[in-house]
Amino acid sequence: MLGIVDRYLLSEAAKVFSAIVAILVLVVASMLFLRTLEEVNVGALSAHLVIKFLGFQVVRDMPNLLPPAFFLALLVTLSRFSRDSELIAMSACGIGPQRVFRALLLLAVPVALVTAWISLVLQPWAAAGIHQIRMQQKEQAAQIAGLQPGRFYLEQGGELVLYIGDIDRQQSLGDVFILDRREDAARLVVSRDGQHRIEEGTGDHIVTLSSGHRFDGDPGSAVFMIGEFEEYRIRIRASGAAQGVISKRSTTPSLDLLASPELPDRAELEHRLAAPLAILVLTVIAIPLVALSPRQRSSGRLSLAFLAYFSFFNLQRLAENWLATGVTPVWLTSFWYQLVILGIVYLVLLPESLWLKRMIARVSGGPNGRLGEQPG
């Protein structure tokens, strides 16, 4: 059974956490909405898909929002308790850091489980939804993907020139002109019919011409080869909005990543597991970062909290990159940075932290430890 103090700590932390999450989601959704409107404005996304596309993006980014929101919620809650001398009152009643940690852990565990579900299940589902919407838009109209009728396109420094006279909604091309100077002899290709598609995964344009003519030779030279063809295919690299193709690894289900022996897949799986683990580790870090008494100087602890936060998530990217490229061994995983930050914070605060002194006293069985065993 939870005591009154436990329920009080849980309710206060849950209220602050809910408010912070709501604010962060609103801010992130607003920024994503503006970016989505930009894509609609340039023709890269249909207007009727805005809400669906925005929903996928918010779900995809949720695992990145919950750990910092929970860490900030704990700091705000415990700082308010310290400012109002409630932590001093709890300490006088025998409620030490272990009791506070136990109460906060009762909130951290379900939040971590929800974060794990979002990260392992919903995040790849949302990434796959975003990928599917983008590919559908490219397939529906070549104009959306960047090809428009009546325009010349230069590729590879002008070595490849493409002109398409007409494109319909079924990706059929008309009056196609291609000048290819990538080889020793220039090649001129003309056709009245053709097809266009977007290659999944790369976003490249694949133009297939049918029943046309080909002229090989250099301008000004008397040596030319003229022929006809039934089919002629050419690849045009994606550019601009067409390059916004999501990596397939981010859309892979977590169970498939677990069965894969490749290091990049292992790094992606550990990236998804990092968010729920970060909530538990940040809970342990947050407790000693708050001064027990309002008379204690808290500016240094606040600076250490921000430093620990930014180091935590920057080292996460570094550790995952090292694991994916084979710099660190597989047995080390990409979670070592969490233990490093945890150890540094506790070592820095060890000489002056009353929280840690009470924890040590409780473990060693000192008088403060016996006091901490009194019921709340």
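The values are calculated or read from the model by the stated rules, or taken from the named source; none is laboratory data. Remember, it's a predicted structure, so these values are computed and weren't measured experimentally. Using ideal geometry, Cβ is built from the backbone for each residue, glycine included, and neighbour counts are taken over all protein chains shown.
Can we say Met31 is farther than 21 Å from Val121 by Cα, in the same structural domain as Val21 (by TED's automatic domain parsing), of a type in the set (A, V, I, L, M) and at pLDDT 90 or above?
In short, yes.
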TODO: Tell me, yes or no, whether region 170-177 has at least one residue that is assigned to a loop (DSSP other than H, G, I, E, B), at pLDDT below 75 and more than 21 Å from Met135 (Cα to Cα).
DONE: no
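Assess whether Ala47 counts as being in the same structural domain as Pro253 (by TED's automatic domain parsing), of a type in the set (Gly, Ala, Ser), farther than 27 Å from Arg7 by Cβ and surrounded by fewer than 17 Cβ atoms within 10 Å (Cβ to Cβ).
Details: in the same structural domain as Pro253 (by TED's automatic domain parsing): yes; of a type in the set (Gly, Ala, Ser): yes; farther than 27 Å from Arg7 by Cβ: yes; surrounded by fewer than 17 Cβ atoms within 10 Å (Cβ to Cβ): yes.
When the stated conditions are applied, Ala47 passes them.
Can you find a residue in region 247-261 that is touching a Ser or Thr at 6+ places or on another chain (Cβ under 7 Å) and at pLDDT 85 or above?
Filtering region 247-261 for residues touching a Ser or Thr at 6+ places or on another chain (Cβ under 7 Å) gives none.
No: region 247-261 contains no residue that is touching a Ser or Thr at 6+ places or on another chain (Cβ under 7 Å) and at pLDDT 85 or above.
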Open item on the list: Scan region 306-319 and tell me whether some residue there is assigned by TED's automatic domain parsing to the domain that holds Leu282, crowded, with 18+ Cβ neighbours inside 10 Å, at pLDDT 85 or above and under 21 Å from the mean Cα position of the chain (by Cα).
Closed with: yes
TODO: Please find, among Leu66, Leu107, the residue that is buried (at least 19 other Cβ atoms within 10 Å of the Cβ), more than 17 Å from the chain's Cα centre (by Cα) and touching a residue at least 40 places away in the same chain (Cβ under 8 Å).
DONE: Leu107
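Residues being at pLDDT 90 or above and either crowded, with 16+ Cβ neighbours inside 10 Å or of a type outside the set (Ser, Thr, Tyr) (or both): count how many of those fall in region 1-28. Working first, answer last.
Going through region 1-28, the residues at pLDDT 90 or above turn out to be 14-28.
Now restrict to residues that are either crowded, with 16+ Cβ neighbours inside 10 Å or of a type outside the set (Ser, Thr, Tyr) (or both): 14-17, 19-28.
Count: 14.
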Open item on the list: Can you list residue pairs whose Cβ atoms sit under 9 Å apart, with the first residue in region 272-289 being among the β-branched types (Val, Ile, Thr) and the second being not in a helix (DSSP H, G or I)? Count only pairs 6 or more apart in sequence or on different chains.
Closed with: Val281/Phe335
- [ ] Determine if region 51-60 includes at least one residue that is out of contact with any His (no Cβ under 7 Å at 6 or more places or on another chain), surrounded by 14 or more Cβ atoms within 10 Å (Cβ to Cβ), free of Cβ contacts under 8 Å to residues at least 12 places away in the same chain and of a type in the set (Val, Ile, Thr).
- [x] no
